[in-house]
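The values are calculated or read from the model by the stated rules, or taken from the named source; none is laboratory data. If you're wondering where the values come from, they're calculated on a predicted model, not measured in any experiment. Don't worry about glycine lacking a Cβ; one is built from the backbone with ideal geometry, like all the others, and counts go over all protein chains shown. We work out accessible area using only protein heavy atoms, side chains counted, and drop any ligands, DNA or RNA first. Shrake-Rupley method; radii C 1.70, N 1.55, O 1.52, S 1.80 Å.
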Amino acid sequence: NSWADVTNKETNCKAAINAYNRALEVYTVEKYPIDYALVQNNLGAAYSKLATVRDKETNCKNAIDAYKKALEIRTIEFEPINYAETQNNLGTAYSSLADVTDKQENCENAIDAYKKTLEVFTVEKYPIDYALVQINLGAAYSRLADVTDKQENCENAINAYKEALEVFTVE
């Protein structure tokens, strides 16, 4: 999947998607739930990457579907770190989808996913991850401010960015 960043993103993303779909023929949720969830997360990432070059709405929706399937296994109780990473990925997919359709609903879904991520990536345990998610959260609130409750959502964005700056200091 990282090769897709270097050359011919569309072709390589499609190849990755095909490979992940073939892997899901073996790694079923019933027989190999952990592997299934990993492949679904990776499939979501491939669709998200493909969305940057073609069919943004369709590919974002495919990514969201894959991430949700991964989250059926990657629960906060069972796999908290993988859960948080997938929730963050889900939030990013919703944020991208907000660019093309249902801006308010998709921003709200992104915010919800980022907040769930922060249940695991706390400032005490995972400060860098926490700060990065706060930046994502701030961006989602900023987008949401374009369509509803401008003052409140701008304040929420500012607060999220301030949280990130508590970690990312000049020092």
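Of the candidates Lys61, Lys150, Lys115, which one comes out as most mobile in a Gaussian network treatment of the chain with C-alpha springs shorter than 10 Å?
Greatest mean-square fluctuation among the candidates belongs to Lys150.
Past the 24 Å Cα-Cα mark, which pairs from Lys31/Lys68; Lys49/Lys125; Lys49/Lys69; Lys9/Lys31?
Lys49/Lys125; Lys9/Lys31
What is the magnitude of the charge dipole of region 1-80 about its Cα centre, with +1 placed on the Cβ of each Lys and Arg, -1 on the Cβ of each Asp and Glu, and no other charges, expressed in debye to the nearest 20?
The calculation lands at about 280 debye.
Using 0.36 nm times the number of residues separating Glu171 and Asp146, minus their current alpha carbon distance, what extension gain do you get?
Working it through step by step, the gained length comes to 5.6 nm.
I'd like the accessible area for Arg22, computed on protein heavy atoms only with a 1.4 Å probe and all protein chains in place. Round to 10 Å², please.
In the full protein context, Arg22 sits at about 140 Å².
Can you give the angle from 0 to 90° between the axis of helix 80-98 and the longest principal axis of the chain, with both taken from C-alpha atoms, to the nearest 10?
Helix 80-98 sits roughly 80 degrees off the main axis of the chain.
Can you tell me the 0 to 90 degree angle between the C-alpha axis of helix 150-167 and the longest principal axis of the chain, rounded to 10?
Tilt relative to the chain: about 80 degrees.
State the Cα centre-to-centre distance between region 150-171 and region 89-123 in whole Å.
Each part reduced to its Cα centre gives a spacing of 16 Å.
Could you point to the residue in Ala37, Phe78, Thr169 farthest towards the positive end of the chain's charge dipole, with +1 and -1 charges on the Cβ of Lys/Arg and Asp/Glu respectively?
Comparing the listed Cα positions along the dipole, Ala37 ranks first.
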